[in-house]
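A short worksheet on the structure shown next.
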Amino acid sequence: MSNSKLKIGSLTLENNVVLAPMAGITNSPFRQICKQSGAGLVYSEMISANGLIRDGQRTVELLQRSPAETPFGVQLFGDDPTVLAEAAKIISDYGEILDLNMGCPVKKVVRSGAGSALMQNPAHAGDVISAMRKASPLPMTVKFRSGWDTATINFIEIGKIAEQCGADALILHPRTRCQGFGGQANWNHITQLKQAVNIPVIGSGDIMTPDDGLRMMQQTGCDGIMIGRGCYGNPWLIENILRQQNGKDLRDISAQQRLQTIIRHLKLYQQSFGDRRAAAEMRKHLCWYSRGLTGAGEFRFKVNQIDQINELEEAICSFFSGLE
């Protein structure tokens, strides 16, 4: 099964493996690491439409990107069609693709009527999608869940509305809002959505290994797959999914290759955000990169006490170079 290019509106991706938008994770350094691993498309962290039109510094910072991240998708969240339309116009100058977040289960987002709360009012969701579609020439995706809860499974209705309102592709995470990230993703919902619409469907949820990626494609017939938490500490998952699609042997990541990637990740953080923030924010990634390795617990404890970038780099080199 060879990988295929994925067409979303006027945009043709080199392959059909996509990095999910993840708050606090998919900033420019992490996106560049995942592009190096082969991702066909990377998305921003979710961006507040309200914050964007107010030109908040933190919000605009989320739009920082490198040419190496092309094509770059920007995910917006909000609930006001007028505000989201205005934000979509702004995004046209920053990215190659636009996404509406209708899947976020976080209480703060849901209380504002955004994220997965939009699934509770399909007609209003349609108004939002239509307004964004009219405001931006960019290809547009909509990311959503199976429903609010098990009593209100409405992903097919939402998918059809999104298609009718001008979305170019759909991204389904087949859990309900009430599930959050618990339980198991119901891949059968991806199959059903694919059969119900005439635009590309990208499946998301529980892709933690190359075998998972292959199984989702074969089981659901989806056009592409989106990788999220599976990339935590393992950006090479993307490369190995692509290798498996092409019938190639999976690549074992050597200790040296792991170290090189981690140091590059750290340097990209420094370039983007400065030494202090790089040291603070790399800690969580180092916990993921070291997961399952001998001595990882002691290493995690150590790096969480370090706030100087040079000391952090020394600790990284000492730990990961000793793994061969």
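The values are calculated or read from the model by the stated rules, or taken from the named source; none is laboratory data. Predicted, not measured: the structure shown is a model, and the values here were computed from it. Heads up, the Cβs are rebuilt from the backbone with ideal geometry, glycines too, and the neighbour counts pull from every protein chain shown.
Could you look through the range 107-130, keep only residues that are farther than 22 Å from C165 by Cα and touching a residue at least 24 places away in the same chain (Cβ under 8 Å), and pick out the one that is surrounded by the most Cβ atoms within 10 Å (Cβ to Cβ)?
Ranking the qualifying residues of the range 107-130, first place goes to V109.
Scanning for something of a type in the set (K, R) and touching a strand residue (DSSP E or B) at 6+ places or on another chain (Cβ under 8 Å), does the range 43-61 turn up at least one residue? Can you show your working first?
If we filter the range 43-61 for residues that are of a type in the set (K, R), which is where we start, we get 54, 58.
From what's left, touching a strand residue (DSSP E or B) at 6+ places or on another chain (Cβ under 8 Å): none.
No; the residues of the range 43-61 include none that is of a type in the set (K, R) and touching a strand residue (DSSP E or B) at 6+ places or on another chain (Cβ under 8 Å).
Report whether or not L250 is crowded, with 20+ Cβ neighbours inside 10 Å, touching a Pro at 6+ places or on another chain (Cβ under 8 Å) and not assigned by TED's automatic domain parsing to the domain that holds W187.
no
Check G180 against each of (1) in a strand (DSSP E or B); (2) in contact (Cβ under 8 Å) with a residue 60 or more places away in the chain; (3) more than 17 Å from L76 (Cβ to Cβ) and name the one condition it does not meet.
It fails just one condition, (1).
Pick out the one residue from A85, A68 that is in the same structural domain as K35 (by TED's automatic domain parsing) and under 14 Å from I53 (Cα atoms). Steps first, answer last, please.
Working: A68 fails: under 14 Å from I53 (Cα atoms).
Criteria check complete, one pass: A85.
List the pairs whose first member sits in the range 45-74 and is surrounded by 15 or more Cβ atoms within 10 Å (Cβ to Cβ), whose second member is among the charged types (D, E, K, R), and whose Cβ atoms are under 6 Å apart, counting only residues at least 6 apart or on separate chains?
Here the result reads I53/E86; L62/E45; E69/R31; E69/K35; P71/E96; F72/R65; F72/E96; G73/D99, each pair linking the range 45-74 to a residue that is among the charged types (D, E, K, R).
Hey, can you tell me all the residues within the range 203-215 that are within 19 Å of the chain's Cα centre (by Cα) and surrounded by fewer than 24 Cβ atoms within 10 Å (Cβ to Cβ)?
Result: D206, M208, T209, P210, D212, L214.
Evaluate the following for G166: is it more than 21 Å from K107 (Cβ to Cβ), surrounded by fewer than 20 Cβ atoms within 10 Å (Cβ to Cβ) and not β-branched (V, I, T)?
yes
Spot the failing condition for I199; the list is (1) assigned to a loop (DSSP other than H, G, I, E, B); (2) of a type in the set (V, I, T); (3) crowded, with 20+ Cβ neighbours inside 10 Å, and only one is missed.
For I199, the exception is condition (3).
Look at the range 95-127 and say how many of its residues are under 25 Å from T12 (Cα atoms) and either polar (S, T, N, Q) or part of a helix (DSSP H, G or I) (or both). Before the answer, list the steps.
Taking the range 95-127 as the starting set, the residues that turn out to be under 25 Å from T12 (Cα atoms) are 95-103.
Cutting the leftovers down to either polar (S, T, N, Q) or part of a helix (DSSP H, G or I) (or both) gives us 101.
Count: 1.
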